[in-house]
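Notes follow once the structure below has been shown.
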Amino acid sequence: MSRNEAGEVVEQSAQDPVMFVRIGIAYAVSIIVFIFIMNYVSIISQEIAVEKGSRIMEIILSSVSPTAHFLGKLIGILLVIMTQVVIYIGLYFLISFVLRQLNLLDSFEGLNIGELLQGSSNVVILGIVYAISGILIYTVLAGFLGSLVSKTEDVNKMITPIIFLALGGFYVGMFALNSTNNPLVRITLQIPLFTPFIMPFRVAAETVSSTEIVISIVVSVLFMAFVLWFSLLFYKSNVLIYSDKGMVNAFKRSFALWKSERASK
């Protein structure tokens, strides 16, 4: 049982193949986003911290603009992610081909895979949108935090808040599966850092309106643009500041340097 946006009780059978596929896709999106965040947040922050810690950043920025350097790191990570996704898709088609050749799909003859996927198309499309936005947001944040680190040993401490945010969003998403209209779920789903984990489950359960979907996508895109703009704005000063007194102190010094550079122009 679940309630739709009008507050009406809607009966959903757990044995319904379409609903089973929709929920499975929501699970897959949430897990994939979480795994990718865990992997690539560490990679991009480590890459930037290594260059900064080895004092080679000053040489790099003398030849390349900070904006080009930061965007280059992001594009490189995104290309790695795309390569990994292409490999997974290729493995899926390869396994499907082998199973068909070995006639191992005969037990599923009563199910129309095409109809199941068609009934879940909105979950797939929106899941991809939310996954991309979530991975981009967390990756940009990781790059920004990595630029505040003076030593590579401090990277794990710096990205710990991001890890906990992703973990919190993941668990709220799991909770949303059975309580899609819970006040906690409805509030946190509009927070861009949690949206990629929660919205796929609400879309799968068909308890979210089109207006909420549009609002969540717009808010996620705007937040992603803001995070990217903010990171680019302070990236140059961040990578030139070396501080062992924590992230807050490093950012204060970076902000002071940015203000002085802006005042001198």
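The values are calculated or read from the model by the stated rules, or taken from the named source; none is laboratory data. Just so it is clear, the structure is predicted and the values come from calculations on it, not from any experiment. Virtual Cβ from ideal backbone geometry, glycine too; neighbours counted across all protein chains shown.
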Exercise for the section: With the condition kept exactly as written, say whether any residue in segment 239-249 is surrounded by 23 or more Cβ atoms within 10 Å (Cβ to Cβ) and either more than 28 Å from Leu71 (Cα to Cα) or modelled with pLDDT under 85 (or both). Expected result: yes
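For every residue, the table says whether it meets (1) in contact with a Lys or Arg (Cβ under 9 Å, 6 or more places away or on another chain); (2) touching a residue at least 40 places away in the same chain (Cβ under 8 Å); (3) surrounded by fewer than 19 Cβ atoms within 10 Å (Cβ to Cβ).
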| position | (1), (2), (3) |
| --- | --- |
| Phe144 | no, yes, no |
| Val149 | yes, yes, no |
| Gly168 | no, no, yes |
| Met174 | no, yes, yes |
| Phe197 | no, yes, no |
| Ile217 | no, yes, yes |
| Leu222 | no, no, yes |
Problem - Residues located in segment 37-66, provided they are assigned to a helix (DSSP H, G or I) and surrounded by fewer than 13 Cβ atoms within 10 Å (Cβ to Cβ) - result: Glu58, Ile59, Ser62, Ser63
Fill in the blank from the handout: The condition of being surrounded by 14 or more Cβ atoms within 10 Å (Cβ to Cβ), at pLDDT 75 or above and among the β-branched types (Val, Ile, Thr) holds, among Thr180, Thr139, Thr160, only for Thr139
Handout entry: segment 44-66 residues that are in contact (Cβ under 8 Å) with a residue 60 or more places away in the chain, paired with ones that are of a type in the set (D, E, K, R) and part of a helix (DSSP H, G or I) (beta carbon under 8 Å, 6 or more apart)
Key = Ile44/Lys73; Glu47/Lys73; Ile48/Lys73; Ala49/Asp154; Met57/Glu51; Leu61/Lys236; Pro66/Lys236
Handout entry: Residues that are among the β-branched types (Val, Ile, Thr) and free of Cβ contacts under 8 Å to residues at least 40 places away in the same chain, drawn from segment 151-166
Key = Thr160
